[in-house]
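The values are calculated or read from the model by the stated rules, or taken from the named source; none is laboratory data. These figures come from a predicted structure and were not determined experimentally. Here the Cβ is made from the backbone with ideal geometry for all residues, glycine too, and neighbour counts use every protein chain on show. These accessible areas exclude ligands, DNA and RNA; they are computed on the full protein's heavy atoms, side chains included. Shrake-Rupley method; radii C 1.70, N 1.55, O 1.52, S 1.80 Å.
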Amino acid sequence: MTGNTVEPRILGYLARRLADLIDILPADPAAIDLATAADHVARLSYDTERATAWINTALNSAIPVPLPQREAIEQLTDAMIPMADAQQALTRALAHVAYGYRTAAIPGVGHSHLRADETTSRIIAADFYARARGHLAKATADLRRGPRPALRIPAPHAAPASAPRTGPRR
């Protein structure tokens, strides 16, 4: 980023970071543990925080933002919606893993009939991981799409002033 702009290269950088995160998210419930779930939440939170800082820097400057950078900001904000959805899914996965971890770690704590055991908690967490992967894939696609074509508003058709009128006058 230079000056007050969100450049297209930033979008590519963030898209690569999100694609890397998709690649490391576990699909197998047995591979989900508390430490890595917390790390995944923190990593996505960091990326979202940086994206927000880029937008803030661009919009809070006294220098006008040129059109290409405005388009990049729009792309970035479009991608932040599925990023927030992915953050929520990863946080919910973390909550399920943490519950299973807590019940396994504290002796004498029985399993509640309202909560699942550790294995079921991991299965539920894996479902939230799958949702997060889908949201991150959408965000990555939003970041990699080309700029939207400019709206073309046709000029109004004006009748020539010297052309004779045809048809009856009313």
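Taking the criterion of being open to solvent by 70 Å² or more (accessible area, probe 1.4 Å), of a type outside the set (Gly, Ala, Ser) and part of a helix (DSSP H, G or I), would at least one residue in region 25-37 satisfy it?
no
Does any residue of region 58-81 turn out to be loosely packed, with under 14 Cβ neighbours inside 10 Å, in a helix (DSSP H, G or I) and modelled with pLDDT of 95 or more?
Yes, there is a match, as at least one residue in region 58-81 is loosely packed, with under 14 Cβ neighbours inside 10 Å, in a helix (DSSP H, G or I) and modelled with pLDDT of 95 or more.
Please indicate, with yes or no, whether at least one residue in region 129-138 is outside any loop (DSSP other than H, G, I, E, B), modelled with pLDDT of 95 or more and open to solvent by 70 Å² or more (accessible area, probe 1.4 Å).
Quick first cut of region 129-138, residues outside any loop (DSSP other than H, G, I, E, B) only: 129-138.
Imposing the further condition that a residue be modelled with pLDDT of 95 or more reduces the set to 129-138.
Keeping just the survivors that are open to solvent by 70 Å² or more (accessible area, probe 1.4 Å) gives 131, 138.
Yes - at least one qualifying residue is present in region 129-138.
In this structure, does Thr52 turn out to be under 13 Å from the mean Cα position of the chain (by Cα), more than 30 Å from Ser121 (Cα to Cα) and open to solvent by 40 Å² or more (accessible area, probe 1.4 Å)?
Numbers: under 13 Å from the mean Cα position of the chain (by Cα): yes; more than 30 Å from Ser121 (Cα to Cα): yes; open to solvent by 40 Å² or more (accessible area, probe 1.4 Å): yes.
Here the answer is yes, as Thr52 does meet what is asked.
Would you point out which residue out of Arg115, Arg102 is touching a Phe, Trp or Tyr at 6+ places or on another chain (Cβ under 7 Å), surrounded by fewer than 15 Cβ atoms within 10 Å (Cβ to Cβ) and modelled with pLDDT under 90?
On the way: Arg102 fails: touching a Phe, Trp or Tyr at 6+ places or on another chain (Cβ under 7 Å).
Within the list Arg115, Arg102, the selection yields Arg115.
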